[in-house]
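Below: the structure, in structure tokens.
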Amino acid sequence: MLNKDNHPPLQPQMDAVAGDKRRHPRFSVELPLDYSDVNGKEIHGGIVANASEGGLLVYLPERIEVGKLLKIEILYVKGLDLETIKATAKIVWSDLATAESLREHRYGLQFQFIEQGDFGRLVSLLKEVSTLQI
């Protein structure tokens with residue numbers, strides 16, 4: 001099966017909504033995330049729950065309004081090295097994570113700017129994750 005670009009699709013996240021019209025498949029991950037307001041210096045921590053070439057699903061400890069731009073840094077281990085992916089992302093939706101963890105908020109982030117090298121690391125990470133989820 002080929003996608004609209006005549007490439008074999010990567011294996012999307014298993015809990016995707018039927019009829020989901022996302023441009024990029026999402027992959028389940030659990031990675032630490034540092035973030036701050038694009039104009040701020042205070043860094044906060046969160047968790048990336050799934051990722052794609054277009055954005056992320058993240059859990060953050062604070063309430064942030066939709067439309068806000070964040071500087072983000074995803075941290076992951078590759079071999080013996082700690083790697084990072086830096087980007088600017090916009091909050092495109094939010095909701096309360098779950099009834100059992102009332103201190104976490106779930107957000108959909110859409111990448112607004114990502115350097116070519118960081119995008120290459122993201123694509124490489126997603127390919128690696130996709131082979132583990134098949």
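The table below lists the values:
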{"quantity": "Hypothetical label at Ser28: residues of the range 45-74 whose amide nitrogen lies under 14 Å (7 Å Cα-Cβ projection)", "calculated": "49-51"}
{"quantity": "Gyration tensor verdict on the range 27-132 (Cα atoms; rounded if a/c is under 1.5, prolate if a/b is larger than b/c, oblate otherwise)", "calculated": "prolate"}
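Laboratory data are not the source of any read-out in this text; all were calculated from the coordinates shown. The shown structure was predicted, so the numbers you read here are calculated from the model rather than taken from an experiment. Positions of Cβ are backbone-derived with ideal geometry, glycine not excepted, and every protein chain shown enters the neighbour counts.
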